[in-house]
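Step one of this worksheet: look at the structure below.
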Amino acid sequence: MTPIRILLADDHTVVRDGLRAMLERETDMTVVAEAADGRESIRLAESEAPDVVVMDLAMPNMNGMEATRRILAANSRVGVVILSMHQDESYVLGALKAGAKGYLLKDSMRGEVVQAIRLVAQGRSFLTRKVARILQE
């Protein structure tokens, strides 16, 4: 089985390091690249051809929503999972309209992150319960 190829895009090194350490314990996942800003995430998505991009929304040199739009315009087969501290409806809806298939909050459990990546890699969607409740209100 070919592992899920993942690009991590977050401007905080400690967040990327933690995600990499967590995801690389999964036998079906490999982190192929890390980006510290939106522009770099677009460049790396093109050169590394990940299956899934785990994308922060608030980053320098281009926010995650615009980077998501551009990545998907270039390659619609890539799945994007947003991992953000922003939980209000405008951010969630904006990310989904940009094409993200998953939305996680940074206080999500490890299992939710892993599940979201697996589902999005299969072309499915994932929202944490907290995010789903926000959209239902």
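The values are calculated or read from the model by the stated rules, or taken from the named source; none is laboratory data. Note that the structure is a prediction, hence the values are computed from the model and not measured. Cβ: placed from backbone, ideal geometry, glycine included. Neighbour counts: every protein chain shown. Just the protein is used for accessible areas: all its heavy atoms, side chains included, with ligands, DNA and RNA removed. Shrake-Rupley method; radii C 1.70, N 1.55, O 1.52, S 1.80 Å.
Between Ala58 and Arg43, the modelled label-to-label distance comes to 2.5 nm, taking each label 7 Å out from Cα in the direction of the beta carbon. Since only Thr128, Gly64, Ile82 are under comparison, the one whose Cα sits farthest along the positive direction of the charge dipole of segment 22-137, derived from C-beta charges on Lys, Arg, Asp and Glu, is Thr128. Label positions at Leu93 and Gln122, each projected 7 Å from the Cα along the C-beta direction, are separated by 3.0 nm. Scalar couplings 3J(HN,Hα) for segment 7-23, obtained by applying the Karplus form with A = 6.51, B = -1.76, C = 1.60 to θ = phi - 60°, are 10, 9, 10, 7, 7, 9, 4, 5, 5, 4, 4, x, 4, 4, 4, 5, 6 Hz; x denotes Gly and Pro. Relative intensity of segment 64-135 on a log10 scale, I(q)/I(0) at q = 0.12 Å⁻¹, equals -0.27, per a Debye sum over C-alpha point scatterers of equal strength in the absence of solvent. With contacts taken as Cα pairs under 8 Å and at least 6 residues apart, the chain reaches a relative contact order of 20 percent.
Considering the zone a paramagnetic label at Lys130 would reach in this model (a point 7 Å from Cα along the Cα-to-Cβ line), which residues of segment 80-99 have amide N under 18 Å from it? In segment 80-99, the label zone of Lys130 (backbone N under 18 Å from the point 7 Å along Cα→Cβ) covers 81-96.
Shape class for segment 1-65, computed from the alpha carbon gyration tensor (a ≥ b ≥ c): oblate, with a/c not under 1.5 and a/b at or below b/c.
Solvent exposure of the chain, expressed per residue, is 51 Å² of accessible area, with all protein chains present and a 1.4 angstrom probe. For Phe126, the residues whose amide H sits under 5 Å from its own are Gly102, Tyr103, ignoring neighbours fewer than 5 places away on the same chain, with H placed 1.01 Å from N.
Using only Cα coordinates, the Kirkwood hydrodynamic radius of the chain works out to 14.4 Å. Summing Cβ point charges (Lys, Arg +1; Asp, Glu -1) relative to the Cα centre of the chain gives a dipole of roughly 420 debye.
In the chain, the portion of solvent-accessible area held by carbon and sulfur atoms comes to 49 percent [1.4 Å probe, whole percent, DNA, RNA and ligands not counted].
Once you reduce segment 23-41 and segment 45-121 to the center of their Cα atoms, the two points are 12 Å from each other.
Backbone geometry of segment 28-43 corresponds, through the Karplus equation with coefficients 6.51, -1.76 and 1.60 at θ = phi - 60°, to 3J(HN,Hα) couplings of 9, 9, 9, 8, 9, 6, 9, 10, 9, 7, x, 5, 5, 5, 5, 4 Hz, x marking Gly and Pro.
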